[in-house]
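Below: one structure, written as structure tokens.
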Amino acid sequence: KRRCALRDRIMEGLLGVQVVDFTSQIAGPYCTKLFADAGADIIKVESTHGDPLRTWTASGKDLGGCDSPLFRFLNASKRSVVGELGDRAIGDLIAQADLVVEDFGPDATIDRDALLRANPALVLLSISPFGLTGPYASRPATEFTIQAEAASTGGRGLPGREPFQAGGRVTEWVSGTFAAAGALAAVRGAQRTGRGEHIDF
């Protein structure tokens with residue numbers, strides 16, 4: 001009987017889990033895509049300008065008003081709304097959410113503690129290159145600098161020559177994967193205890 005209950009829980013996935021996604025680029029959207037693929041309800045919040053990834057292509061080709069393939073892949077199975085933090089409708093979404101994912105960074109003028117006070121069971125996941133606090137928090141970052149800080153460029157190229165980065169924005173994909181794992185553990189904990197938390201990833 002226990003085995004059947006576990007199987008049913010696995011098959012149920014994340015049905016009923018509400019996620020509000022304020023992210024763009026790859027890491028945050030891939031994190032929430034993994035939640036969507038497991039059955040969670042994802043609401044992507046975009047400004048009036050839309051997510052810049054909607055029009056991004058590796059070649060710079062004009063998409064003629066269509067969304068880019070990468071954007072469509074990362075945001076399939078999500079609902080999209082236009083708004084921003086501070087809007088009443090967005091506040092209502094956050095008040096009902098299990099998880100909010102944001103990548104505003106350490107210099108953003110948002111009150112993350114206020115979000116957690118408004119919804120004590122909320123898990124807030126903040127994704128940034130070097131975290132929200134500490135000596136590197138506001139340091140500029142690119143795919144190359146993050147790979148260099150992680151010493152992964154040291155294993156590529158020839159001694160005495162320029163270093164090479166791994167292509168494909170690999171750190172963003174990996175970040176999204178690990179962020180999702182941490183967020184899932186926190187969401188499951190909040191469902192058991194009623195107490196959310198802030199994850200600074």
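The values are calculated or read from the model by the stated rules, or taken from the named source; none is laboratory data. Because the structure is predicted, anything quoted here is derived from the model rather than measured. Quick reminder, even Gly has a Cβ in these numbers, built from the backbone with ideal geometry, and neighbours come from all protein chains shown. Ligands, DNA and RNA are stripped out before the accessible areas are found, and what is left, the full protein with its side chains, is counted by its heavy atoms. Shrake-Rupley method; radii C 1.70, N 1.55, O 1.52, S 1.80 Å.
Between 38, 179, 27, the GNM of the chain built on Cα springs shorter than 10 angstrom shows 38 fluctuating the most. Lysine pair count for the chain (Cα-Cα distance under 26 Å; residues 8 or more apart in sequence or on different chains): 6. Treating the angle as unsigned and between 0 and 90°, give the value, to the nearest 10°, between the Cα long axis of helix 2-12 and the longest Cα principal axis of the chain. Value to nearest ten degrees: 60. Under a model in which nothing but the beta-carbon of Lys, Arg (+1) and Asp, Glu (-1) is charged, the chain shows a dipole of about 920 debye around its Cα centre. Distance between the modelled labels on residue 145 and residue 87, one decimal in nanometres: 3.1 nm (7 Å Cα→Cβ projection).
If a/c stays under 1.5 just call it rounded; otherwise compare a/b with b/c (prolate if a/b is bigger, oblate if not). Do that for the range 106-201, with a ≥ b ≥ c from the square roots of the Cα gyration tensor eigenvalues. Prolate shape, in that a/c is at least 1.5 and a/b is the bigger ratio.
Note on residue 133 and residue 76: the model spin-label points, each 7 Å out from Cα along the C-beta direction, lie 4.0 nm apart. Pick out which of 102, 143, 172 has the largest mean-square fluctuation in a Gaussian network model of the chain, springs linking Cα atoms closer than 10 Å. Between 102, 143, 172, it is 143 that shows the largest mean-square fluctuation. Protein-only accessible surface at a 1.4 angstrom probe places the residues 164, 201, 130 in the order 164, 201, 130, largest first. Estimated from helical segments only, the mean residue ellipticity of the chain at 222 nm is -11500 deg cm²/dmol, where each DSSP H run of four or more residues counts as -39500 (n - 2.57). Subtracting the Cα-Cα distance of residue 114 and residue 195 from 0.36 nm times their residue separation leaves 27.7 nm of extension gain.
Remark: the chain carries 58 Å² of accessible area per residue (probe radius 1.4 Å; ligands, DNA and RNA excluded). Expressed as a whole percent, the accessible area of the chain that falls on carbon and sulfur atoms is 57 (1.4 Å probe).
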